[in-house]
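A short worksheet on the structure shown next.
The values are calculated or read from the model by the stated rules, or taken from the named source; none is laboratory data. What you see is a predicted model, and the numbers here were worked out from it, not measured in a lab. Cβ: placed from backbone, ideal geometry, glycine included. Neighbour counts: every protein chain shown.
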Amino acid sequence: MTNQGVSNERKKELTQMDPFQAGLIKFVEWASAHKKMLIISAGVLFGVVVVFSVIMFSFKQSEIKASELAAKAYKQYEAHYSQDRDARKGYDTVKDDFQTLFDEYPNTSAGRMALINFGKICFESGEYDQAYDLYSRALSSVGDKAGVKNFLLCALGTICELNDDIEQAKSYYLRVETGASNLLKDDARFALALIYEKLNDPAAGRRMYEKIAESPGASMYKAIAQARIQ
């Protein structure tokens with residue numbers, strides 16, 4: 001039989017490595033030369049992962065504890081208020097719990113929501129200055145949440161009116177009236193109309209009534225506004 005030996009060219013091809021094998025060998029050689037650096041880098045990465053995990057666990061635990069403390073305080077207030085409808089008594093019962101919540105868990109979602117809920121309790125119990133402070137702090141943390149923002153602006157305007165700070169009250173209501181969201185806009189317009197009347201500016205007051213009368217939907221102020229502009 002004819003000898004079917006392998007040609008010299010084929011033998012050369014077989015001894016040559018493909019690109020993947022060559023790259024793998026180069027990487028192994030590089031890793032061997034930089035073994036210490038790789039060990040340090042791996043240790044640093046592991047440390048970062050551990051620290052991040054601890055932070056996330058701590059944050060989650062804070063959220064749970066804050067939510068539990070807030071729920072307990074709300075429940076206590078409702079229990080005392082429902083007995084004799086005494087908001088002041090309910091306020092005295094829970095004020096320390098809420099203060100603990102604000103001191104220890106200020107950056108939790110439960111802590112930020114408590115600014116609004118305890119602000120309402122303070123308002124109902126006649127603690128207007130404290131309610132104003134809580135609502136102001138909440139306003140700075142709500143971002144672009146227009147619904148909550150408008151509620152807080154109207155609440156701050158109401159407190160300013162109760163404290164006879166009419167100009168400041170007007171500034172809060174105007175932020176709602178000129179804002180993009182329609183939520184509580186007619187409430188702000190009606191409050192502005194009354195303020196303009198107090199300031200002897202009936203033309204500005206009439207403009208507010210006209211806006212209420214022309215606004216879409218069923219507003220509780222629409223009938224009053226329509227009667228004022230006839």
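Quick notes
- Qualifying positions in region 125-135 - part of a helix (DSSP H, G or I) and crowded, with 17+ Cβ neighbours inside 10 Å: GLN130, ALA131, TYR132, LEU134, TYR135
- The helices (runs of 4 or more DSSP H) found wholly in region 136-229 include none carrying at least 1 residues that are buried (at least 21 other Cβ atoms within 10 Å of the Cβ), assigned by TED's automatic domain parsing to the domain that holds THR108 and at pLDDT 95 or above.
- Considering the conditions (1) crowded, with 21+ Cβ neighbours inside 10 Å; (2) out of contact with any Asp or Glu (no Cβ under 6 Å at 6 or more places or on another chain), GLU104 is excluded by exactly one of them, (1).
- Looking only at region 69-95, and only at residues there that are hydrophobic (A, V, I, L, M, F, W, C) and out of contact with any Leu (no Cβ under 8 Å at 6 or more places or on another chain), the one that is modelled with the lowest pLDDT: ALA79
- Any hit, region 47-63, residues being assigned to a helix (DSSP H, G or I), modelled with pLDDT of 65 or more and surrounded by 19 or more Cβ atoms within 10 Å (Cβ to Cβ): no
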